[in-house]
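Q: Can you keep this structure in mind? I'll have questions shortly.
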Amino acid sequence: MEGIFFYWFAWIGWAAVTFLMEKRVLRTFYACALLVCVLFSTTTIHIGAYVFNGTFICFLLFGFIFLAWQRTLFSSYLLLSSFITMIAYAGFCLFELFDPVWIFIDRKWAIGFLLLYIVCMLVKSTQERILCLILGMCYGDLLFSAILYDVHMYYTIGALPFLDIAAISCMLLLGWALFVQFALHLDLYLLKYARSRGSKVRL
């Protein structure tokens, strides 16, 4: 079923944001943004010859809002990183379209792991990685649809398969961030334990 990963992870994310984050303006924004994305996921918007999913438009709007909060120099770097992500996403989609025999695993997870690697190499913080990922995927889907339109193949921009890939990629990023935090805490604990054992031996 197309869209199952998006709906599943969106509701998990909403529950985590609502019940686990501190009561701040940012928590309210995240919760409302997730609900709006779920609400417009079945809506299509026609702009000229192109058809857009409503959640795709929400992704772009929220992405531009967060980008406006960044410093001018760093926002330029995020835009450059998102364009690199765009090329990777659109390139994979075109490679799959013209030579699908080489795609031997589920495309959603393949693209998710590819974008996880690229974004982690380009950006440091988790929030900025998600912003770079979302903007890069949106630009990539726009580029992919423009290429298809030139060869008279019509495609809904930001459809449910796209939302599945976005949800999987975001969850992979969050999972990697949790793993890194766990590894840091474990390393700190082992270092303290080694020091305490060393002090006991010297005594």
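The rows are residues; the columns are (1) more than 23 Å from Cys132 (Cβ to Cβ); (2) touching a helix residue (DSSP H, G or I) at 6+ places or on another chain (Cβ under 8 Å); (3) not hydrophobic (A, V, I, L, M, F, W, C).
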| position | (1), (2), (3) |
| --- | --- |
| Trp11 | yes, yes, no |
| Trp14 | no, yes, no |
| His46 | yes, no, yes |
| Tyr50 | yes, yes, yes |
| Leu79 | no, yes, no |
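Q: If the Cβ limit is 6 Å and pairs must be 6+ apart or interchain, which residue in the range 121-147 that is among the aromatic types (Phe, Trp, Tyr) pairs with which residue that is open to solvent by 10 Å² or more (accessible area, probe 1.4 Å) and at pLDDT 90 or above?
A: From residues that are among the aromatic types (Phe, Trp, Tyr), the pairs are Tyr139/Met86.
Q: Restricting to the range 21-63, what's the tally of residues that are in contact with a Leu (Cβ under 8 Å, 6 or more places away or on another chain) and over 17 Å from Phe6 (Cα atoms)?
A: 1
Q: Kindly list, by first and then second residue, each pair from a residue in the range 91-103 that is without any contact (Cβ under 8 Å) to a residue 60 or more places away in the chain to a residue that is open to solvent by less than 100 Å² (accessible area, probe 1.4 Å) and small (Gly, Ala, Ser), limited to pairs with Cβ atoms under 9 Å and residues at least 6 apart or on different chains.
A: Pairs that qualify, where the first residue is without any contact (Cβ under 8 Å) to a residue 60 or more places away in the chain and the partner is open to solvent by less than 100 Å² (accessible area, probe 1.4 Å) and small (Gly, Ala, Ser), are Gly91/Gly140; Phe92/Ala110; Phe92/Gly140; Cys93/Gly140; Glu96/Ala110; Ile103/Ala110.
Here is a yes/no grid of residues against (1) over 21 Å from Ile45 (Cβ atoms); (2) of a type in the set (Ser, Thr, Tyr); (3) open to solvent by 60 Å² or more (accessible area, probe 1.4 Å):
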residue: Leu148; (1), (2), (3): no, no, no
residue: Met153; (1), (2), (3): no, no, yes
residue: Ile157; (1), (2), (3): no, no, no
residue: Phe162; (1), (2), (3): no, no, no
residue: Met171; (1), (2), (3): yes, no, yes
residue: Phe179; (1), (2), (3): yes, no, yes
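Q: In the list Tyr7, Tyr30, Tyr50, which residue meets the criterion of being within 13 Å of Ala166 (Cα to Cα) and either among the hydroxyl-bearing types (Ser, Thr, Tyr) or at pLDDT 85 or above (or both)?
A: That would be Tyr7, the only listed residue that is within 13 Å of Ala166 (Cα to Cα) and either among the hydroxyl-bearing types (Ser, Thr, Tyr) or at pLDDT 85 or above (or both).
Q: Applying the selection to the range 17-37, what residues are open to solvent by 40 Å² or more (accessible area, probe 1.4 Å) and of a type outside the set (D, E, K, R)?
A: Result: Phe19, Leu20, Met21, Val25, Leu26, Thr28, Phe29, Tyr30, Cys32, Leu34, Leu35, Val36.
The values are calculated or read from the model by the stated rules, or taken from the named source; none is laboratory data. From a predicted model like this one, the values you see are computed outputs, not experimental measurements. Using ideal geometry, Cβ is built from the backbone for each residue, glycine included, and neighbour counts are taken over all protein chains shown. Surface accessibility is based on the protein's heavy atoms, side chains included, excluding ligands, DNA and RNA. Shrake-Rupley method; radii C 1.70, N 1.55, O 1.52, S 1.80 Å.
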